[in-house]
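Engineer: Just passing along the structure, written as structure tokens.
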Amino acid sequence: MRMFHVLGKPQEALAALKAPELEGFFDQVSSFFLVMDLLYKHEFYQEVLEVYQFLRDRQLENAKYPKDCLILILAACYKLNTSEALKYAVELTKECQDAGRTIPRKGISLLCCLALNQNDPRTSLELLSLIRDSNYISIRNLKLYTFAELDRIDDAFSILQHVLDRDVPQMSRRGEEICAEVLTKLWEAINRSDKKELASQFSRIEQAIKEGSHISTKSLDELLCAPILERQQPRDQGTGFQQSGSYNQRMRSPIRQQYGDRGGQWQRPGISGQNDYDT
């Protein structure tokens, strides 16, 4: 499967995975993950869901809710952007909750944005309650977007004021950025309210946001679907730190940030992982 992944052959990988004569040959979660990752990369989003169902049907050990696969599934649902995809993703999230499994923050973010795209801000708000730490750029923007759609302008203003009140050096403001499209959604909510005092107050807040360099140059979609950056190995690790071993060990979970024995950063044109600022 790694060969297909490197060569960029999603259809061939899928055919090999489903081939009756190869049954049992790919009975590892990593094989299914690589196929799903490859399909996602080539925009075969419905096929990503089909491979996950195929994985569940195989009943492999610890294969029902693998974290990295869940992120890809929710990303595929986000890209499909249909009411059916939203229903499927919400049901899967509830299954994970009932099973005591945690959905990664990135997956919840994608699902929230899918709900907003499907004009369901109440579902987005409910999902956001699952995230304990909201001090991330995508979560902050999703909350603002959700509050705007629910006409909860005061709650949105509180978040924006908190951003302005924080004494953060300009070089460190990456996590404080607000997407321009989110500000547009807030203006739409204010115009619906027909309250001149809110418009005047928001004009002052918006001006302060711009003057403080808090406007993001990226769209919300770009933040959610940004490439993954592999974390550098800490310099102060002692001799007891176990380096990544074989190729199999290093590639077992390419979407998850991990320490590795490779220098530099590794990127894949797919969804973002657990970056410090953009999740």
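The values are calculated or read from the model by the stated rules, or taken from the named source; none is laboratory data. Just so you know, these numbers come straight off a predicted model, no measurement behind them. For neighbour counting, all protein chains shown are included, and Cβ atoms are generated from backbone atoms with ideal geometry for every residue, glycine included. Surface areas here come from the heavy atoms of the whole protein model, side chains and all, with no ligands, DNA or RNA. Shrake-Rupley method; radii C 1.70, N 1.55, O 1.52, S 1.80 Å.
Engineer: Which residues, counting only those in region 56-114, are of a type in the set (A, V, I, L, M), without any contact (Cβ under 8 Å) to a residue 60 or more places away in the chain and under 18 Å from Leu223 (Cα atoms)?
Structural biologist: Ile73, Leu74, Ala76, Leu80, Ile108, Leu111, Leu114
Engineer: Can you name the residue in region 41-54 that is within 19 Å of the chain's Cα centre (by Cα) and open to solvent by less than 10 Å² (accessible area, probe 1.4 Å) and, of all such residues, is modelled with the highest pLDDT?
Structural biologist: Looking at residues that are within 19 Å of the chain's Cα centre (by Cα) and open to solvent by less than 10 Å² (accessible area, probe 1.4 Å), I get Val48.
Engineer: What helices (runs of 4 or more DSSP H), lying completely within region 64-169, carry at least 3 residues that are farther than 26 Å from Asp37 by Cβ and open to solvent by 10 Å² or more (accessible area, probe 1.4 Å)?
Structural biologist: Of the helices (runs of 4 or more DSSP H) lying wholly inside region 64-169, those with at least 3 residues that are farther than 26 Å from Asp37 by Cβ and open to solvent by 10 Å² or more (accessible area, probe 1.4 Å) span 121-128, 137-149, 153-165.
Engineer: Is region 60-67 home to any residue that is under 30 Å from Ala180 (Cβ atoms) and under 15 Å from the mean Cα position of the chain (by Cα)?
Structural biologist: Within region 60-67 (the criterion being under 30 Å from Ala180 (Cβ atoms) and under 15 Å from the mean Cα position of the chain (by Cα)), the answer is no, since none of the residues qualifies.
Engineer: State which residue pairs qualify: first residue among the charged types (D, E, K, R) and inside region 192-215, second residue at pLDDT 90 or above and in a helix (DSSP H, G or I) in any location, beta carbons under 8 Å apart, and separation of 6 or more residues or different chains.
Structural biologist: Close Cβ pairs satisfying both conditions: Glu206/Leu183.
Engineer: Any chance region 199-218 includes a residue that's of a type in the set (A, V, I, L, M) and at pLDDT below 85?
Structural biologist: The answer is no, given that none of the residues of region 199-218 is of a type in the set (A, V, I, L, M) and at pLDDT below 85.
Engineer: What pairs come out if I take residues in region 145-164 that are farther than 16 Å from Cys179 by Cα and without any contact (Cβ under 8 Å) to a residue 40 or more places away in the chain and pair them with residues that are surrounded by 15 or more Cβ atoms within 10 Å (Cβ to Cβ) and not β-branched (Val, Ile, Thr) whose C-beta lies under 6 Å away, six or more apart or interchain?
Structural biologist: Leu150/Pro121; Asp155/Phe147
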